[in-house]
């Protein structure tokens, strides 16, 4: 309930990215050191809000299958305890469930603990998005041919790290910048022909922050 009342928001372009995953059947893996229940609630409400009325009848598991994504994050063990005021039995957090996932062990979770479970989602090329340089380590380069890295430098007080982020990532999105560069890259990769590809790129060329990237991608056709 608290998550539904919060003012938390996703980056502009996330809805388009989910639609791209659904239309192209490209799998999306979300690995977070946050709380899985919170992330699931945000995604469920967002997806139900953007889709047709029929989507409200789908379970969250069905939404995950439709939009081709999976979330790995921290889960809890719960106990049932009586509320001292209402006297009703309510779920209370007792402990973290199993191992705690944090920013330094994401690679272990992806490539060891959940390796077999995630195998059907693995592809030879991968697009990595993260707000920490250590997020890059999630990907085992021995399991992929190509890796494109997009970093998020979220806070103004960390902008002195911009040059360092640019050394580690291929693209850096600062502050609350939109996911448009990612949408652009996915559109370019999945286009069926050079003509379709060029038409897809043109919708982004009017945006100053993307014009250089569009020109680069068009030149490589």
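The values are calculated or read from the model by the stated rules, or taken from the named source; none is laboratory data. Predicted model only: the values in this text are computed from it and were never measured. Using ideal geometry, Cβ is built from the backbone for each residue, glycine included, and neighbour counts are taken over all protein chains shown.
Within the range 96-113, is even one residue farther than 30 Å from residue 137 by Cα and touching a strand residue (DSSP E or B) at 6+ places or on another chain (Cβ under 6 Å)? Taking every residue of the range 96-113 in turn, none turns out to be farther than 30 Å from residue 137 by Cα and touching a strand residue (DSSP E or B) at 6+ places or on another chain (Cβ under 6 Å).
Look at residue 93 and say whether it is surrounded by 13 or more Cβ atoms within 10 Å (Cβ to Cβ), touching a strand residue (DSSP E or B) at 6+ places or on another chain (Cβ under 6 Å) and either over 20 Å from residue 17 (Cα atoms) or not assigned by TED's automatic domain parsing to the domain that holds residue 71 (or both). So residue 93 does not fit the description; no.
Applying the criterion of being closer than 19 Å to residue 10 by Cβ and at pLDDT 90 or above to the residues of the range 45-65, the residue that is surrounded by the fewest Cβ atoms within 10 Å (Cβ to Cβ) is 60.
Where strands (runs of 3 or more DSSP E) sit wholly within the range 30-135, those with at least 3 residues that are touching a helix residue (DSSP H, G or I) at 6+ places or on another chain (Cβ under 9 Å) occupy 69-74, 125-130.
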